[in-house]
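Structure, as structure tokens:
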Amino acid sequence: MTGFPPNPGDTLIFENDRVRVWSMTLAPGQMFDFHQHHHDHVVLWPDAGLAQAQELGDEDWGLVQEARPGFVLYRTVGHRKPLTPHRIRNLGDETVTHYVVELLERSPKPDAEPWTFNDRGEIRKETR
């Protein structure tokens, strides 16, 4: 799994030696192509949105993020390897922006763990 961009957003808006903050803005139906996460990270949805993700090798766009304002997700990537490359698309009727905060210090966990998130949205598996 090499050759995939490590940037989890379209615009780098802040960086220091501990964190890197990206924004990702998607118009209705727009897709952000395959990329990989190499660091534990937090995703912030300040506004409502509906997005769908597809992991490399999957036939279906099987993971849906349904966000209400203030939806926050956390993902442990672990220090052994990056996450499987994936892409994301906006399923909603409005342009949405969410923010990805990468934690640049070595993850305390060796392997990836499932998403954790607050009560302002959900992540669910769907197959179509």
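At a glance:
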{"quantity": "Tally of residues being in a loop (DSSP other than H, G, I, E, B) and under 22 Å from Ala112 (Cβ atoms) across the stretch 42-67", "calculated": "7"}
{"quantity": "Identity of the residue in the stretch 101-128, part of a strand (DSSP E or B), touching a residue at least 60 places away in the same chain (Cβ under 8 Å) and among the hydrophobic types (A, V, I, L, M, F, W, C), that ends up most open to solvent (accessible area, probe 1.4 Å)", "calculated": "Leu103"}
{"quantity": "The stretch 1-58, subset in contact with a Lys or Arg (Cβ under 6 Å, 6 or more places away or on another chain) and polar (S, T, N, Q), residue nearest to His79 (Cα to Cα)", "calculated": "Gln54"}
{"quantity": "Residue ID - surrounded by the most Cβ atoms within 10 Å (Cβ to Cβ), chosen from residues in the stretch 64-100 that are among the aliphatic types (A, V, I, L, M) and farther than 17 Å from Phe4 by Cβ", "calculated": "Ala67"}
{"quantity": "Odd one out for Asp40, checked against (1) open to solvent by 40 Å² or more (accessible area, probe 1.4 Å); (2) more than 17 Å from Val64 (Cα to Cα)", "calculated": "(1)"}
{"quantity": "Condition met for Ala27 (open to solvent by less than 30 Å² (accessible area, probe 1.4 Å) and modelled with pLDDT of 95 or more)", "calculated": "no"}
{"quantity": "Selected residue [over 19 Å from Asp10 (Cα atoms) and either polar (S, T, N, Q) or at pLDDT below 95 (or both)] from Gly70, Gly78, Gly62", "calculated": "Gly62"}
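The values are calculated or read from the model by the stated rules, or taken from the named source; none is laboratory data. These numbers come from a predicted model, not from an experiment. As a convention, Cβ positions derive from the backbone with ideal geometry for all residues, glycine included, and neighbour counts pool all protein chains shown. Ligands, DNA and RNA are stripped out before the accessible areas are found, and what is left, the full protein with its side chains, is counted by its heavy atoms. Shrake-Rupley method; radii C 1.70, N 1.55, O 1.52, S 1.80 Å.
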